[in-house]
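For reference, the structure is listed below as structure tokens.
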Amino acid sequence: MKPAAFDYHAPGTADEAVALLAELGEEAKILAGGQSLVPMLALRLAVFDHLVDLRRLDDLRGIESRGDSVWVGAGTTHAAVGRSPEIRRAVPLLHRATPLIGHFQIRNRGTIGGAIAHADAAGEYPVVALTLDAQMHTLSPRGQRTVAAADYFTGMWTTAMEADELLTGITFPVWPGRSGFAIEEFARRAGDFAMAGTSIAVRLDADSRIEKVAVGLFGLAPTPLRAAAIESELIGRPVAEIEAAEVGRSATAALDSIPADIHGSADYRRRVGAVMVARAWTRAVEEASND
Ligand SMILES: Cc1cc2nc3c(=O)[nH]c(=O)nc-3n(C[C@H](O)[C@H](O)[C@H](O)COP(=O)(O)OP(=O)(O)OC[C@H]3O[C@@H](n4cnc5c(N)ncnc54)[C@H](O)[C@@H]3O)c2cc1C
């Protein structure tokens with residue numbers, strides 16, 4: 001199928017883009033890599049009179065180390081994130097998540113800002129942002145603001161951003177010290193969205209007790225989630241006494257809005273999720289212990 005007719009706009013600056021969005025109102029939609037939006041337009045699941053393409057906004061592309069965090073421009077492609085030595089060194093979880101997104105053709109066009117603004121509950125970048133307590137930077141006619149990942153993902157494909165708000169960049173905190181990171185997911189075919197997955201970050205103190213931990217879950221609710229209860233239970237415990245299977249079971253036990261469809265029941269996804277968490281826990285702890 002072909003999309004319904006639309007007017008195409010390619011502003012040269014972020015200010016021009018938000019002015020256009022404000023002027024055109026609800027009939028306008030931002031176009032980034034098009035890897036989620038274009039299929040929806042082609043299938044006519046979404047119809048917009050105006051598309052505001054971000055391709056000329058060079059300021060939205062790039063990766064910059066800022067001491068204890070790394071800024072990634074919203075227009076940076078998944079491929080550029082995956083190739084970046086800075087991301088690999090300072091934000092390994094983001095680096096490891098990248099090859100799990102679709103196929104290389106999708107990663108060449110898709111942008112990190114598009115993936116995060118699209119807010120798919122089974123997407124890898126949203127859950128990594130949530131796990132690492134990333135900050136989303138936005139611009140609208142009302143000015144700039146920063147939204148914490150914990151407040152950003154508000155529902156299925158829904159975020160705290162207004163229709164005239166542009167995501168300009170994401171800041172990922174760097175976890176120093178004895179830290180380890182892992183992302184695990186189960187998908188029916190390579191490149192498919194995950195049926196259930198997890199991203200875990202853990203830091204150990206000098207006595208090998210859990211000093212800081214974040215357990216993110218994806219594909220297991222209408223939004224990416226943090227398993228907050230198990231995170232608080234793990235703090236301060238000697239890592240050697242923690243069973244990976246126990247972490248997996250506890251992280252998924254209380255979930256009450258797991259999706260179910262022809263690919264799997266909620267109960268099946270819960271069990272798969274528990275196994276993914278156990279696997280990721282083992283790998284993250286191993287990395288932290290070797291640091
Ligand atoms: C076959 C296939 C498999 C895929 N598999 C996966 C997968 O496994 N995991 C995964 O996470 N994704 C997957 N995707 C989606 C892909 O990662 C997209 O690239 C990504 O979700 C959207 O990025 P984009 O730049 O293409 O955004 P677009 O499609 O252009 O836009 C997506 C949405 O975000 C909005 N938007 C884009 N940029 C901004 C911005 N800067 N500010 C505000 N709003 C903005 C748009 O208005 C639109 O609503 C898959 C896609 C396909 C086609």
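No lab work stands behind these numbers, since they all come straight from the coordinates. Since this is a predicted model, take the numbers as computed values, not measurements. In this analysis, Cβ positions are derived from the backbone assuming ideal geometry, glycine residues included, and neighbour counts consider all displayed protein chains.
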Given C-alpha coordinates of segment 58-173, what is the ratio Rg to Rh with the Kirkwood estimate of Rh? 0.93
Length-normalised contact order of segment 178-290 in % [C-alpha pairs under 8 Å, at least 6 apart]: 34
Might you report the magnitude of the Cβ-based charge dipole of the chain about its Cα centre, with Lys and Arg at +1 and Asp and Glu at -1, to the nearest 20 debye? 840
Tally the DSSP beta bridges in the chain and give the antiparallel ones as a percent, rounded to 5. 85
Would you look at the GNM of the chain, springs on alpha carbons closer than 10 Å, and say which of Arg271, Arg226, Arg279 moves the most? Arg271
Please report, in cubic angstrom per residue, the volume enclosed by the convex hull of the alpha-carbon atoms of segment 165-237. 139
Mean-square fluctuation maximum in Gaussian network of the chain, Cα pairs under 10 Å, restricted to Ala206, Ala214, Ala79, hits Ala206
Just want the ordering: His78, His50, from fewest to most Cβ atoms lying within 10 Å of their own Cβ. His50, His78
Going by how many other beta carbons lie within 10 Å of each one, how would you line up Phe172, Phe153, Phe218, fewest first? Phe172, Phe153, Phe218
Can you give me the orientation-averaged projected area of the convex hull built on the Cα atoms of segment 7-53, in nm²? 3.1
Using helices alone, I'd like the mean residue ellipticity at 222 nm for the chain: each DSSP H run of four-plus residues gives -39500 (n - 2.57), total over residue count, nearest 500. -9500 deg cm²/dmol
Among Asp133, Asp58, Asp261, which one moves the most in a GNM of the chain with springs linking Cα atoms closer than 10 Å? Asp261
Under 8 Å for C-alpha pairs, at least 6 residues apart: give me the relative contact order for the chain, rounded to a whole percent. 16
For Ala4 paired with Ala22, estimate the spin-label separation in nm (one decimal), with each label point 7 Å from Cα along the Cα-to-Cβ line. 2.7
Could you work out the relative contact order of segment 100-230? I mean the mean sequence separation of Cα pairs under 8 Å and 6+ apart, divided by the number of residues, in percent. 28
Just from the alpha-carbon atoms, what are the Rg and Dmax of the chain in angstroms? 19.2, 63
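Please report Ile210, Ile235, Ile87, Ile106 as a ranked list, fewest other C-beta atoms within 10 angstrom at the top and most at the bottom.
Sorted ascending by nearby Cβ count, the order is Ile235, Ile106, Ile210, Ile87.
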Stokes-Einstein D for segment 178-290 (4 °C, 1.567 mPa s, Kirkwood Rh from Cα pairs), in µm²/s, comes to 93
